[in-house]
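Contents: one structure, followed by commentary.
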């Protein structure tokens with residue numbers, strides 16, 4: 001498999017990790033606000049601060065839903081619910097401390113920062129920054145309205161502004177890093193392949209030197225030490241056998257290559273290999289890697305389904321991806337066999353695929369689901385597509401996993 005994640009998958013995983021980090025920050029801010037409210041309530045039991053805990057609890061539920069779904073609809077819902085919660089916490093705090101409460105107190109700052117973290121669910125840099133700024137504006141507006149209703153003093157919250165600026169700076173930094181990573185990844189691929197070729201060349205040179213010593217040099221020494229006259233028949237036969245080995249390149253095979261040879265045979269007799277060869281005949285260059293022996297642990301029905309689904313994926317690459325290269329990686333575990341088809345072509349949006357395009361829906365998804373498997377598709381327009389096919393494997397006793 002190529003070095004690192006495929007280019008089109010990197011932004012997806014980075015955004016997901018960044019959203020998780022942002023939501024963890026929001027969770028910490030909410031829990032900190034809860035702890036502070038409880039502490040003040042314990043020290044000042046005459047103050048009625050417990051209604052703020054209800055608002056924090058509602059905000060926790062909204063954050064949990066946002067972390068699960070991360071869609072524009074849930075972003076907007078989190079802003080609406082979170083804004084109402086910030087307003088409610090502000091009203092409670094300012095009502096219980098008239099004349100002393102300001103709009104930038106620590107508890108309110110924690111609630112506002114938690115709302116600002118909505119930007120972590122943005123799918124692109126611009127949208128993430130827009131959601132972040134929106135969270136800051138909603139939080140500021142909520143506290144402003146609360147100050148007007150409670151005759152408190154509105155103060156611009158430096159903590160919330162710093163959170164917005166820091167979040168936006170991180171988004172810009174991540175974008176720059178991704179751009180640089182995409183430009184350097186081809187060089188990393190070439191360096192990795194050159195290193196592999198160099199190591200392979202070195203092993204062949206060492207083996208060639210050893211086989212040269214064991215055959216040609218030994219034979220020359222035997223001929224030099226032989227008595228004058230015709231070479232003995234036994235020595236002649238030995239030279240002929242060694243020459244056949246050298247000409248046939250059998251010396252390139254590892255001494256312990258029996259398992260690899262068995263794997264090679266199993267792979268070449270599998271339906272998946274036939275599907276790959278048929279795709280190559282269509283002009284598609286397919287690079288195969290991974291645990292090829294895993295295909296032997298598929299029953300006939302599932303092996304056929306995987307082969308046909310994989311062939312359809314490769315046909316899609318050939319017809320629609322705008323590239324003549326694809327990568328096929330086989331993974332194996334005790335319970336399942338996975339086949340991943342990767343290309344760096346045009347990519348697409350599965351939701352926008354026309355109803356007349358039945359290849360992915362019928363020939364891939366439904367075929368694999370009918371044999372108890374699953375299909376996952378990652379695709380970004382302009383960056384390529386990856387299709388992961390998973391099916392249960394046959395265990396050592398020959399029973400298919402459920």
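Computed from the coordinates by the stated procedures, all read-outs in this text should not be read as laboratory data. Everything numeric here is computed off the predicted structure, so don't read it as measured data. Backbone-built Cβ (ideal geometry, glycine too); neighbour counts: all protein chains shown.
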Worksheet item: Where does each of 284-291, 377-384 land if you order them by average Cβ count within 10 Å, highest first?
Response: 377-384, 284-291
Worksheet item: With each label point set 7 Å from Cα along the Cα-Cβ vector, what nm distance links residue 68 and residue 133?
Response: 3.2 nm
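If the chain between residue 325 and residue 376 were fully stretched, how many nm would it gain, using 0.36 nm times the residue separation less the Cα-Cα distance?
Details: separation 51, 0.36 × 51 = 18.36 nm, distance 2.04 nm.
Taking residue 325 through residue 376 to full extension adds about 16.3 nm, to one decimal.
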Practice prompt. Given the peptides 129-139, 272-282, arrange them by the average over their residues of other C-beta atoms within 10 Å, most packed first.
Written response: 129-139, 272-282
Worksheet item: When N is the residue count of the stretch 7-182, what does its C-alpha Rg come to as a fraction of 2.2 N^0.38 Å?
Response: 1.07
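Given an 8 Å cut-off on Cα distances and at least 6 residues of separation, report the relative contact order of the stretch 262-392 as a percent. Intermediate results must be reported in sequence, preceding the final value.
Values: 252 pairs, mean separation 32.7, N = 131.
With pairs under 8 Å counted, the relative contact order is 25 percent.
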Fill in: Three semi-axes of the equivalent ellipsoid, the stretch 262-392, Cα gyration tensor, whole Å, largest first
23, 17, 12
Worksheet item: What relative contact order, as a whole-number percentage, does the stretch 7-182 give when Cα pairs under 8 Å and 6 or more residues apart are counted?
Response: 26 percent
Worksheet entry | FRET efficiency estimate (nearest 0.05) - Cβ-Cβ, residue 156 to residue 202, R0 56 angstrom | 0.30
Worksheet entry | residue 232 versus residue 277: modelled label distance in nm, points set 7 Å from Cα along the beta carbon direction | 4.7 nm
Worksheet item: Could you give the length gained on full extension between residue 195 and residue 369, defined as 0.36 nm per residue of separation minus the Cα-Cα distance, in nm?
Response: 58.6 nm
Discussion item. For the pair residue 291/residue 149, report the inter-label distance in nm, with labels modelled 7 Å from Cα in the Cβ direction.
Written reply: 5.9 nm
